[in-house]
1. Which residue fluctuates the most in chain B, going by a Gaussian network model with Cα springs under 10 Å, if the choices are B:Ile133, B:Ile78, B:Ile31?
2. Which ³J(HN,Hα) values in Hz, rounded to whole numbers, follow from the phi angles of segment B:129-139 under the Karplus curve 6.51 cos²θ - 1.76 cosθ + 1.60, where θ = phi - 60° and Gly and Pro get x?
3. Please average, across the residues of B:74-83, the number of beta carbons from any other chain that are within 10 Å of each residue's own beta carbon, and give a whole number.
4. Hey, what did chain A get for relative contact order, percent, Cα under 8 Å, at least 6 apart?
5. On average, how many beta carbons from a partner chain sit within 10 Å of the beta carbon of a residue in B:100-107?
6. So what are the ³J(HN,Hα) numbers for segment B:57-70, from phi and the Karplus equation (6.51, -1.76, 1.60; θ = phi - 60°), rounded to whole Hz, Gly and Pro as x?
7. Pick out which of B:Tyr51, B:Tyr81, B:Tyr117 has the largest mean-square fluctuation in a Gaussian network model of chain B, springs linking Cα atoms closer than 10 Å.
8. Using square roots of five times the C-alpha gyration tensor eigenvalues, list the equivalent-ellipsoid semi-axes of segment B:1-142 in whole Å, biggest first.
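Bear in mind these aren't lab numbers, they're just calculated from the coordinates by the rules spelled out. As the structure is a computational prediction, the values presented were derived from the model and not from experiment. Backbone-built Cβ (ideal geometry, glycine too); neighbour counts: all protein chains shown.
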Amino acid sequence: MKTNKKTSNRSFMVMCILLAIYALVYFFNKNIFMKISDQFLKLLLQIFPFLIIVFVLMFLTNLWLKPDIIKKYLGENSGAKGMALASLAGILSVGSVYMWYPLIKDLKVNGMSNKLISVFIYNRAVKLHLLPLMVLYFGITFTIILTVLTIIFSFIIGEIVEVFS
Amino acid sequence: MIDDSTNKIQNSKKISALRKTWQSFRVVLPIIVSVILIVSVFITLFPKEYYREFFSGNFILDSFKGAVLGSISIGSPIVSYVIGGGLVKDGVGVVAVAAFIVSWVTVGVIQLPAEYYFFGVRFAVVRNAASFIGAILIGMLTYFLMSL
């Protein structure tokens, strides 16, 4: 609890420092400040719905998923089933990656392996709903090759992360 | 009577889960806002047009440059497709564009402090370094497979 409060204070401090830098930019160049803060608000509005989704998922995880279940399906010994589950979750997840960090951290605390966290993050490069757009820009051959290679490499990088981290 | 006590247990479980979630979330919110504050500065200072100037036509160097550019960029993958599509039109090779698109999502230099905060420095460094090399290799393999 004490550590939680300490980290909470630290993260709040970092945010305050960044806000202070924004204030400095306002005094030195209002034009750039307006552009940056417009971008900030745009991103914040984009991210807000995903924050709610992540909050609900975290709540459901805390409510239903017990550490032994997480260890069984996403732990070090979860095998191919764990790989498939983490890949699918990565492919289907939407929104910015840092939105998912709190949920993954919760799962890690309850037994999710580093390998599967890495597999999840890597497979976020495969976006099912964006594949038609990728085909439009780069063609079907490029899209298929890149998608298959990304999934294969997610497993290789997962193994590397497991060994070295 | 039994139903009543079961309901009470269920409710207290829900409240406890909600409290736990909120406690984690409260710590996380300033970090997410901080990342958005940094990302906004980056997107404003480095517009899309900046990317085209970067490539030379050298197979190995361009795959490396593509991965570097993707690693330091951030935003929706759609943006990487739009930029990648523009690069292809401008004659930049597949090897660079593939490395760029993959590293856009898999490597995150800007969110590295957040990743380090949540999962530890070793995990963040190893994962990002491996993903960076992975993006270069994927770029090269895509090029080879497409030339078959």
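1. Fluctuation is largest for B:Ile78.
2. Once θ is set to phi - 60°, the couplings for segment B:129-139 become 5, 5, 5, 5, 5, x, 5, 5, 5, 4, x Hz.
3. For this peptide, the per-residue mean of nearby foreign Cβ atoms is 4.
4. About 20 percent, as a whole number.
5. 5
6. With the stated coefficients, segment B:57-70 comes to x, 7, 3, 6, 4, 5, 5, 5, 5, x, 5, 5, 4, x Hz.
7. B:Tyr117
8. Each semi-axis is √(5λ); the values are 42, 16, 14 Å.
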